[in-house]
Structures are given as C-alpha cells and as structure tokens.
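To start, the structure under review is shown below, and the notes come after it.
Read the figures in this text as sums done on the coordinates, not as results from a lab. Remember, it's a predicted structure, so these values are computed and weren't measured experimentally. Because the Cβ atoms are built from the backbone with ideal geometry, glycine has one as well, and the counts that use them run over all protein chains shown.
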Amino acid sequence: MMALVGLGTGLAFLILLLVLAYALSQGAGALNLDFFLKDMRPPGETGGGLRQAIVGTLIVDGLGLLIALPFGLAAGILLAEYPDHPVNPYLRLLSDTLNGMPAILFGLLAFILIVKPMGGFSGLSGAFALGFLMIPILARSTEGVLSLVPKEIREAGLALGLPRWRVILSLVLPTARAGLITGILLAFARAAGEAAPLLFTAFGSPLLELNPLKPMDTLPLRLFAFAISPYEDWHRQAWAAGLVLFGLITLTSLLARWASRRRF
Amino acid sequence: MKRLYTHFGDRIFAWALLLLALGVVALAVLMAYELYQGGSLALKRFGLLGFALGREWDPVIQKSFGAWPYILGTVIVSLSALLLSFFPALAAAIFAAEYAPRWLAQVINFLLDLMAAVPSVVYGLWGIFVLAPWIRDQVQLPLYMWAAEHAPWLVPILGVPTGYGLMTAVLILASMIVPYTAALARDAIALVPKEHREAAYALGATRWEVMRMAILPLAQGGIIAGAFLALARAVGETMAVTMVIGNSHKLPYTLFGGAATMPSVIANEFTEAVEDLHLSALIAVGFLLFWVSMAVNFAAAYVLRRQERLVKGVL
C-alpha cells in the first residue's frame, strides 16, 4: 500500500514538475534586460520586450485590489467579529460559491457593466473584473485571520470600556496585520495570473499604456496571444513571459509567507 | 445581541460593515441577473431548453445557436479530469498526512500551494508546445496505426490523432485540479482525533488498516467536498483548456479529436462576435455555466458543513 501511495503522490506532481522545468529552461533562454525595458516588436522583427505587459499587469491588478479591498475586508470583519449577525450564513455561503466561480464569468460581468456602457475595452474594466474576483477571496481570508486573534485581546479592550468598533479598529486589526497582508498578497497573486477575465475587458495593447481608460496589456493576456501566434520569436517570448509571471507570483507568495511568519 | 451593539458608534460601524459586505451578495445577484439579461435575446429566440439542448452552433450561415456541444464537452472533460486526478490527489494527501517525514510533508504542502498558484496560461503554454506534440507522436499515432490495422471499429472512437483535443485537455486539467482535492483531503485527515488512530493501533492494526478503518471514514466528508471543489475548478477552467482542446464543436466527440467546453467557446468567440444574437448566445452560455458552477459549489459547501458538524460531534 505504501508503494501505491508513493506512486500516486509522484503522479500527482509529475506534470507540475515538468511544467516548471520547461518554464525555467525555455524561459531563461529568452529572458534578458530588454524584456523588462522595451515594448514588444511587431512579428518578424526580433528583440524587444514586454515592458507594456509587465506595467499593465501591475496597474490593472493594483486597481482591482483597490476596488476589492473595502468590500472584501468589510465582509471578512463582519463574518469574524459579529458572529451571530443574521446575514452571516448567507454571506459565507455566497463567498465560498463566488470563490469557485469560473473567472471568465467575472470578465463577462465586467464587460456587461463597464465595457458596454463605456463603449470600449479598457484597463479599468479589467481592474473591475479582477476586483470582482478578489472580493470573495479577501472576505474568506480576512475572516480566517481575524478568527485566529485571541479572544483575550477583545475582552481586554471591552473591559477598558472601549466600544466594539474601537476594539476592532485599534486592537483586533493591528494584531492581525501580518495575516491580513498575507491574504491581500495572495489575492493579488491569484488575480495576477488570470487571463480569462481580461480577454474582453483589458483586451491587450502592443504599446505601453498608462491611461486606464484605454485597453491595457497584461502578462497572461500577452502570453496567450503569443502562444497561439505562428511566430517562432513570439513563442520564445511567451516562455519568458511565463517565467516572469511565475516569478512574480512566487515572489508574492514568498512575501506573503514572510509577512505571516510571526504569529500573534 | 441587540444589547451588545447599542453604543451609537457601534451601530454606525455595524451598518457600514453590513453595507459593504452586502457587496458580496450584490455581486452574486448581479452576475445571475446580468448574464440572464445579456443572454435573453438568444434564450428567448430558442427557448431555454431549446438553447441548452440544441446541437447546432452556426454563427455564420444559419445563425442558429445551441449550447449542447459545449455542455457535453464540459461534462466529459471535467468529469474525466476529476476521475483521473482523484486517486493521485488522495494519495498525495495521505502520504503528506501519515507516511511522509515532516520535511517531506512540508515539501508536498509547498508543491500543492505552488500548483494552485501556477497560472492557467502557463499550463496551457506547456500543453501547446510540449504535451500535445508529444502525445500526438508517442501515443496517438501509434495507437491509431495499430487500430487501423487490427481493430478498424476503434478508429471512429479514437478520431484523428492531432494532439490538440479531448485527451490532452483532460490530462492537463487533471493535473491542475489536484491541489483542490489534495488540500481539503489533507486537512480533513489532519482533523481526525488522535485517539481514533491510537485506538486502532492498540488493536494491532497496520498503518494502512488504521488509514482505511479509523481515518478515512471520518475524513470522508472533507475528501468528497474537495472532489466537488476540484470539479468546480475543472468546469470553469478556461485558458489551459482553450489552448489545447482544439476548439471544435463537431459532434460526436472523439478521444483524440478536438472538442470545446462552455468557457472555451466564450474565450474563443467573444471578441470576434459582431452580431447581437451571437454575442447574446455566448453570454447565455455564460448564464448556463453560472448555474452549473453554482450547483457544484453548493454541493461542496453542503458536504463540507455537514462534515464540520460530524467532526465536532465526534470530538
């Protein structure tokens, strides 16, 4: 039985390890300084980089996080700090359900709510799509972190005569700061790798674009476009984009782990 | 609870929180409503059932839309992926929880986190350039040649060995959903009280017998919930599947040949849909996808909550 369990474990990780090995070996060859400092070139011309996609990823994902933060944090605080609030069971169930929703549906929603009324694709609509995606993730991670804060800390505050809202804002949230940051970084990392919700919102752009009302490029979008293109040089860049994307996400996850290494 | 929140500031704070938190509810409701509205043109033209069961998807000539090929594709791909990944994922969870030394268990947990974090497009990239050509040359072509010579009745089931099709999509998808089953199964196994193990060991059970008789029955709910969550992921997975599945909605599907799923057709055709009816039909596919995914997620949540109560009861 031991052998069978070991074999199954190996099988479970086989493709992951192969993907990583290929991304490292293929991506490293195509990676150089230009990749980060120059915009992409038209097909046929070699060289160039993906600066526009890297900058776009940070802008769209960052804006999305700003959109999601108030809603996600509030839902998490409500779930953890007001345990018998009547909406909580529904809130929890809907957060879990939205958490498992296909990402592309958030893109469809952003398309209907923002792209259509505004009359065109834009980085902002992409940010909304990613923001929608992050709200339930933030809600659940915030709840989880806050419920780890010892009860005594709240009791101490209440015993001093502080109202509940002061206890939450001045005692509970600062105590849980590291964990909250971890949750935020993980939500950011998750959204950074998504291409599906951005296909018909942020849309992509071959040039550096800093105006969020215009179509913007992101790394996953560009990787997809390059991967299905017929050009050898673009394929090389797609691997490099994969490696950078993977690096960005690993870095964020490591940062998240580092932020949460101190327990309360 | 009324007396708890009578302080004026507390009432304002609680209301503010509630208002923002209802954003989560609004998001779910908006999604259902807007997808229905957006798809209503197609849903009204063909009827909900007519649209869901229609086999024709022709945006160019007949302008007739039926989502059946995509529903069928989604069901086949996601269920096969779950079937393929379930036992390896469970094995990884058991190995990490019971067999592996501490350091190895940590490595496995790290790999599981990593697997969930690798973007779908990166899996898809590998699928396009490495897995699909390899499968075509090393698996599909030899099988096809053999079948053509010895078992001609098998050929229509196998289909054209292109590499980009059902088989490749299922393989990639199976490996992508491993962490969802594995993580929940691992947590469920870890939650089983120590006394259960000890009691079984004291009766002289071997390690595997302890697993089979004392641990798995109690962890069952978490494992099933994990499988449902993995299924939900598989149903909604878009990019990696789109990149390798060949995007053909010609029925009947074959093992090697191209296919399509609900997310993949949306990803593929949405930016190219110029006509209102076509766009509406794609959004209607999204509407169906919403409900399929809602159902699977509800099932997961239900099983998980029942499990939580069960474990609490045992403790």
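Tabulated data for the structure shown
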| item | result |
| --- | --- |
| Lysines whose Cα lies under 24 Å from that of A:LYS214, excluding same-chain neighbours fewer than 8 positions away | A:LYS38, A:LYS116 |
| Debye intensity ratio I(q)/I(0), log10, chain A, q values 0.09, 0.10, 0.13 Å⁻¹ (C-alpha model) | -0.51, -0.61, -0.93 |
| Dipole axis of chain B (+1 Lys, Arg; -1 Asp, Glu on Cβ), positive-most option in B:LEU41, B:LEU141, B:LEU251 | B:LEU41 |
| Tally of Lys pairs whose C-alpha atoms are under 29 Å apart, taken over chain B, 8 or more apart or cross-chain | 5 |
| Range of Cα positions in the protein assembly as shown per principal axis (Å), largest first | 79, 67, 55 |
| Selection from A:PHE71, A:PHE226, A:GLY157, by position along the positive dipole direction of the range A:49-259 (Cβ) | A:GLY157 |
| Kyte-Doolittle mean at least 1.6, axial Cα span of 20 Å or more - DSSP H helices of chain B | B:68-94, B:166-191 |
| Radius of gyration and maximum dimension Dmax of the range B:128-179, Cα, Å | 12.3, 41 |
| Full-extension gain in nm, A:LEU17 to A:LEU33, via 0.36 nm per residue minus C-alpha separation | 3.1 nm |
| Helix runs (DSSP H) in chain A reaching 30 Å along axis by Cα, Kyte-Doolittle at least -1.0 | A:2-30, A:51-81, A:123-146, A:232-259 |
| Positive-pole candidate from B:VAL170, B:ILE108, B:TYR123, dipole of the range B:3-314, charges at beta carbon | B:ILE108 |
| Pair-distance profile P(r), taking every C-alpha pair of the range B:3-314, with 10 angstrom steps and integer % | 6, 21, 25, 23, 16, 7, 2, 0, 0 |
| Mean separation of Cα contacts under 8 Å, 6 or more apart, over the residue count of chain B: relative contact order % | 26 percent |
| Relative contact order computed over the range B:29-73 (Cα-Cα under 8 Å; 6+ residues apart), in percent | 27 percent |
| R0 of 30 Å, Cβ-Cβ distance B:SER40-A:ASN211: FRET efficiency to nearest 0.05 | 0.35 |
| Approximate shape of the range A:85-241 as ellipsoid semi-axes (Cα gyration tensor, √5λ), whole Å, largest first | 39, 17, 14 |
| Gyration tensor over alpha-carbon atoms, the range A:59-160, equivalent ellipsoid semi-axes in Å | 32, 14, 10 |
| Average beta-carbon neighbours from other chains, 10 Å sphere, peptide A:63-72 | 2 |
| Computed over the range B:1-129: relative contact order in percent, which uses C-alpha pairs under 8 Å that are six or more apart | 9 percent |
| Computed [θ] at 222 nm, helices only, for chain B once each DSSP H run of length n ≥ 4 contributes -39500 (n - 2.57) | -23000 deg cm²/dmol |
